[in-house]
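Each remark here refers to the structure printed beneath this line.
The values are calculated or read from the model by the stated rules, or taken from the named source; none is laboratory data. Model, not experiment: these values are computed from the prediction. Quick reminder, even Gly has a Cβ in these numbers, built from the backbone with ideal geometry, and neighbours come from all protein chains shown.
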Amino acid sequence: MEEDAGKLMHSGNGSYVDLNRAGVPLLEIVSEPDMRTGIEASEYAAELQRVVRYLGVSNGNMQEGSLRCDVNVSVRPIGQAEFGTKVEIKNLNSFSAINRAIDFEISRQVNLHSQGQQDSIVQETRLWEEGAQKTVTMRKKEGLADYRYFPEPDLPEVVLTKAYMDSVGKSLPELPEAKRRRYEEMGLSMQDVLFLANDIAVADFFDATIQKGADVKLAANWIMGDIAAYLKNEKLSINDIKLVPHELAELIASIKSGTISGKIGKEVSCIEWVGGALGSVSYSRLLGKTMQITDLVDIEKMVDKVIAENPKQLEQYRSGKTKLQGYFAGQVMKASKGKANPGILNKVLVEKLNAKV
């Protein structure tokens, strides 16, 4: 652990010191040197971000400095046991930058080895230049002395007992990997699993929805489809919308049972997303107002009326232009304001249009 000492901001006019975060506690996590590619390292960093967000200890936003990443890169000939000279890379403010910087540095060092210039690889700190897509020397380091480490006499050793660590482990919430495994066991595809578990807020919304009895796959489809598209367009998080899990579960159940159509379901949910003027109307009453018409007699009356009002189209249909069935269906749906059950409507329509005169 350490304290934030501020950060340097580099521009074409010079370098500036930003002290806004000075004194903020930092927790440094050091991995073992067992990653071999840029994508592997960037995925590791992304998983760390998910973990700290799941734990609620940080928002993990790299652009705000809440999560930072420096990487150390070294290469060695095949068969060589010891690692090569380590080079540190800074100024990495995104996971894609981590990926590209590591791959560039690996390539740079391998090229030097292949040219017999491995001695020119020295322990140093390099910066990643996003515009040029390359690393450049920032400062040279000879060894640990250059870091100016010294003991702090006022900081005693901290001893963590196994019992304490076990108790902390038991208190942890479900972490990303465990959540992904649970979602897989539900029968969700890997695409669904990765999307839902990536954001703790989305995962919580999904879990709360299925706990209210919603179909697992339908809940995933709604969250990954219409809701995700709305959030992206409006630049919102799922916690910002008015729709809540039990309402989405009710909506899904209504669509699945045929009480309302999928189209009406989207219209209802959109009102909730944008916080429309529902006033004192409850969500259940709102669904009630948009229920599908499934009564056979009511649908037959609407079909008879539409056929009677369109004798020319009826004659054309019976003369062989059967595609006009879609026209009649559209007119009935228009008359019912989209509430007529499509399955019942089409069955009645076919019978009426093909009835012998």
By residue number, the members of the range 34-56 that are farther than 17 Å from residue 203 by Cβ and among the β-branched types (Val, Ile, Thr) are 37, 39
Looking at the range 252-269, can you tell me whether even one residue there is modelled with pLDDT of 85 or more, touching a helix residue (DSSP H, G or I) at 6+ places or on another chain (Cβ under 7 Å) and under 28 Å from residue 203 (Cα atoms)? yes
Residue tally, condition touching a Leu at 6+ places or on another chain (Cβ under 8 Å) and either in a loop (DSSP other than H, G, I, E, B) or of a type outside the set (A, V, I, L, M, F, W, C) (or both), over the range 11-49: 5
Flagged in the range 184-237 as hydroxyl-bearing (Ser, Thr, Tyr) and surrounded by 14 or more Cβ atoms within 10 Å (Cβ to Cβ), in numbering order, are 209, 230
Please go through the range 179-193 and pick out each residue that is assigned to a helix (DSSP H, G or I), closer than 12 Å to residue 216 by Cα and in contact with a Leu (Cβ under 9 Å, 6 or more places away or on another chain). 183
When the range 66-79 is checked residue by residue, the ones that are loosely packed, with under 11 Cβ neighbours inside 10 Å and either at pLDDT below 90 or under 18 Å from residue 105 (Cβ atoms) (or both) are 77
Among the residues of the range 169-178, the number that are under 18 Å from residue 48 (Cβ atoms) and assigned to a helix (DSSP H, G or I) is 4
Go through the range 307-344 and report how many residues are within 15 Å of residue 354 (Cβ to Cβ), more than 44 Å from the chain's Cα centre (by Cα) and not aromatic (Phe, Trp, Tyr). 10
Close pairs from the range 92-115: first under 13 Å from residue 129 (Cα atoms), partner buried (at least 16 other Cβ atoms within 10 Å of the Cβ) and among the aromatic types (Phe, Trp, Tyr), Cβ under 7 Å, at least 6 apart: 92/128; 97/128; 101/128
Listed residues 184, 174; which is under 18 Å from the mean Cα position of the chain (by Cα), under 27 Å from residue 205 (Cβ atoms) and touching a residue at least 60 places away in the same chain (Cβ under 8 Å)? 174
So, residue 295, is that one of a type outside the set (A, V, I, L, M, F, W, C) and at pLDDT below 85 or not? yes
In the range 1-38, how many are of a type in the set (S, T, N, Q) and without any contact (Cβ under 8 Å) to a residue 12 or more places away in the chain? 3
Looking at the structure I just gave you, is residue 163 surrounded by fewer than 10 Cβ atoms within 10 Å (Cβ to Cβ), farther than 28 Å from residue 59 by Cβ and not assigned by TED's automatic domain parsing to the domain that holds residue 47? yes
